[in-house]
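The values are calculated or read from the model by the stated rules, or taken from the named source; none is laboratory data. Quick caveat, the model's predicted, so the values are computed rather than measured. Reconstructed Cβ throughout: ideal geometry from the backbone, glycine too, with neighbour counts over all protein chains shown.
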Amino acid sequence: MSDANSIELPEITDKRFFGHPMGLAVLFFAEMWERFSYYGMRALLMFYLVKHWLFSDGESAVLYGAYTSLVYITPVLGGYLADKFLGQRKAVVFGAVLLTLGHGLMAFEGDGSGHEGLAVQIFYLALAFIIVGSGFLKANISVIVGQLYPRTDIRRDGAYTIFYMGINLGAALGSIACGYLGETYGWGYGFGAAGIGMLLGLVVFVLGKPLLHGRGESNNPNLTFPLEMFLYIVGVAAVVICWLLVQNQAIVGVLLGIGGLVLVLYVMFTAVVKLTPVERDRIFACMFLIFGSILFWALFEQAGSSISLLTDRMVDRNIFGFEVAASMFQSINAIYIVLLAPVFAFIWTFLGTRGLEPSAGAKFGLGMIQLGAGFLVLVFGANSVENGALIPVLFIFLIYLLHTTGELCLSPVGLSAMNRLAPANLASIIMGTWFFASATGNFAAGLIARASGSESLNAEGEIVAGTPEAVAYIENVNSVYTTIGWVAVGVGVLLILLAPLIKKLMHLDSLGDADHSLAGQSELAEPQAGGMDTSGERIDS
């Protein structure tokens, strides 16, 4: 992506925001509100599909998986157009406008009487606006953070830490506020709150333009008004395409399969034919980690689908005398991230200075084991009660804790490895492959959630605890979660055993600054719902 610092813009001397430029405050609050809206809407989405539109668990899960996978793919378009033509600032504004429209359309409920008609088409269109808007905004706003500082400025890491706190603050508050409003007062209130949050983010970003001091502007001298309008039309056309795709989830799966196969074959062919043996080995190491990440995200992303439905139906959510809305539990991951990310950073640094830090492959294995352990702990909690009774809420906090610690072992480590190992001529394609793997994992998550769902819902799209339907539902969930839990643990152990081989393929002893194809460009990594990338952005969808 383009780098505004290559245009010799004057250094920003402003230090009014905790020793940082006020431009960072603009980006902090703009992204905080955008994450508020995105995660607030996502917290309600599965419940909206099942309880309002009366989709089956299986239909809802696959639609949810297709939606989140497309959220990972559109940043390729948004990042490319910003890089080559628009610049990051205009791309962010355009993305924010699309997101505001999408969240606004989500507040239009219709009567939920069927899966046909204008109302449900408006719903699909709302998802499409959010998908493409996220692609334009998320791919570019973190880039501007890095452009506020010279490459050698020691404040850069601190800036991304502050930015990352804003992201997680927005994610947590959005899940709590929108989830509570949507489940307590009506879907329109929850989605409306998400739309207001996105509008606030847009206002903050637009009014704060002077504080960015020219960062994020286009470097393309050929960007005429007609060309700029044409690029916006391309964005709108992408909305139409996504509107069609979210209604045809099987096509999304086929495209992911074909696209992934072509991408992997191209990378492997290039590695074998065109790279030096050392560069080839590093690409092989990247592919090990990339394939591992597909399974991780396929299981981790149950949080927004099957785990949410289970929390709503079969968990005792009474905490200190208050019945907590099920959607609000999706804030737990963001809260854990804020609390635990500094701890993990300290642990890796502490171990690294003593030569004890696990390798990237070992960290992946540890992350996978913790992910699997989370499902097994929840199954244990479900088996601790009988006859379809409610599961103690403690086990929901435990599964999110184990999944978050697993995520912190894998997500930032994987992105760091992609940054370090990719040769310059394959830097973008390797990063694209990493995020394509995340998209594939999200789509697979929908298929797993479908397998763990129930087809025996009442007229309100619910299951009543203690009924035969509840017993059958919990038995099915336990069966699926036991399987994927032990698979994750087994793959984690395998990755730990293969870690020395993966480390050997990395050739870390000969890795110099010249090999760091993305060195100093950590802001380029694109985000998503749990974890951090190297820019401090959360990885989710």
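Numerical summary
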{"read-out": "Qualifying residues in segment 361-371 (those that are touching a residue at least 60 places away in the same chain (Cβ under 8 Å) and buried (at least 24 other Cβ atoms within 10 Å of the Cβ)) - the one nearest to PHE300 (Cα to Cα)", "value": "LEU371"}
{"read-out": "Residue selected from segment 142-156 under the condition in contact with a Gly (Cβ under 8 Å, 6 or more places away or on another chain) and not aliphatic (A, V, I, L, M), by the criterion surrounded by the fewest Cβ atoms within 10 Å (Cβ to Cβ)", "value": "ARG151"}
{"read-out": "Residue that is modelled with the lowest pLDDT, among those in segment 268-305 that are in contact with a helix residue (DSSP H, G or I) (Cβ under 7 Å, 6 or more places away or on another chain) and outside any helix (DSSP H, G or I)", "value": "LEU275"}
{"read-out": "Pick from segment 381-406, criterion of a type in the set (S, T, N, Q) and assigned to a loop (DSSP other than H, G, I, E, B), ranking: farthest from the chain's Cα centre (by Cα)", "value": "ASN387"}
{"read-out": "Residue in segment 447-485 that is surrounded by the most Cβ atoms within 10 Å (Cβ to Cβ), counting only those that are in a helix (DSSP H, G or I) and in contact with an Asp or Glu (Cβ under 8 Å, 6 or more places away or on another chain)", "value": "ALA449"}
{"read-out": "Some residue of segment 470-484 being small (Gly, Ala, Ser), farther than 30 Å from LEU275 by Cβ and modelled with pLDDT of 95 or more", "value": "yes"}
{"read-out": "Counted residues, segment 399-432 - those being under 19 Å from ILE283 (Cβ atoms), crowded, with 24+ Cβ neighbours inside 10 Å and not aliphatic (A, V, I, L, M)", "value": "1"}
{"read-out": "Helices (runs of 4 or more DSSP H) wholly inside segment 36-146 containing at least 3 residues that are among the polar types (S, T, N, Q) and closer than 27 Å to ALA449 by Cβ", "value": "57-73"}
{"read-out": "Residue that is surrounded by fewer than 15 Cβ atoms within 10 Å (Cβ to Cβ), part of a helix (DSSP H, G or I) and out of contact with any Asp or Glu (no Cβ under 8 Å at 6 or more places or on another chain), where the choices are PHE346, PHE329", "value": "PHE346"}
{"read-out": "Test for ALA303: is it in contact with a His (Cβ under 8 Å, 6 or more places away or on another chain) and in contact (Cβ under 8 Å) with a residue 12 or more places away in the chain", "value": "yes"}
{"read-out": "Residues of segment 321-347 satisfying the condition of being more than 23 Å from the chain's Cα centre (by Cα) and not aliphatic (A, V, I, L, M)", "value": "GLY321, PHE322, GLU323, PHE346"}
{"read-out": "Single unsatisfied condition, ALA285 versus (1) touching a Phe, Trp or Tyr at 6+ places or on another chain (Cβ under 9 Å); (2) buried (at least 21 other Cβ atoms within 10 Å of the Cβ)", "value": "(1)"}
{"read-out": "Residues satisfying the stated conditions in segment 407-432, i.e. under 15 Å from the mean Cα position of the chain (by Cα) and not aliphatic (A, V, I, L, M)", "value": "GLU407, SER411, PRO412, GLY414, GLY432"}
{"read-out": "Members of segment 389-447 found to be touching a strand residue (DSSP E or B) at 6+ places or on another chain (Cβ under 6 Å) and among the hydroxyl-bearing types (Ser, Thr, Tyr), listed by number", "value": "SER411"}
{"read-out": "Some residue of segment 194-206 being assigned by TED's automatic domain parsing to the domain that holds SER134, surrounded by fewer than 21 Cβ atoms within 10 Å (Cβ to Cβ) and not hydrophobic (A, V, I, L, M, F, W, C)", "value": "no"}
{"read-out": "Every residue from segment 198-227 that is assigned to a helix (DSSP H, G or I) and either over 30 Å from ALA107 (Cβ atoms) or of a type in the set (Lys, Arg) (or both)", "value": "LYS209, PRO210, LEU211, LEU212, PHE225, PRO226, LEU227"}
{"read-out": "Top-ranked residue in segment 352-374 [being among the aliphatic types (A, V, I, L, M) and part of a helix (DSSP H, G or I); ranked as modelled with the lowest pLDDT]", "value": "ALA360"}
{"read-out": "Out of GLU386, GLU357, sole residue that is surrounded by 12 or more Cβ atoms within 10 Å (Cβ to Cβ) and out of contact with any Gly (no Cβ under 8 Å at 6 or more places or on another chain)", "value": "GLU357"}
{"read-out": "Among the residues listed as TYR38, TYR80, TYR48, TYR64, the single one being surrounded by 18 or more Cβ atoms within 10 Å (Cβ to Cβ), among the aromatic types (Phe, Trp, Tyr) and closer than 27 Å to MET229 by Cα", "value": "TYR38"}
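One line per residue, one yes/no per condition, for (1) surrounded by fewer than 19 Cβ atoms within 10 Å (Cβ to Cβ); (2) outside the structural domain of PHE55 (by TED's automatic domain parsing); (3) without any contact (Cβ under 8 Å) to a residue 12 or more places away in the chain; (4) of a type in the set (Gly, Ala, Ser):
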{"site": "ALA119", "(1), (2), (3), (4)": "yes, no, yes, yes"}
{"site": "ILE130", "(1), (2), (3), (4)": "no, no, no, no"}
{"site": "LEU137", "(1), (2), (3), (4)": "no, no, no, no"}
{"site": "ASN140", "(1), (2), (3), (4)": "no, no, no, no"}
{"site": "ALA172", "(1), (2), (3), (4)": "no, no, no, yes"}
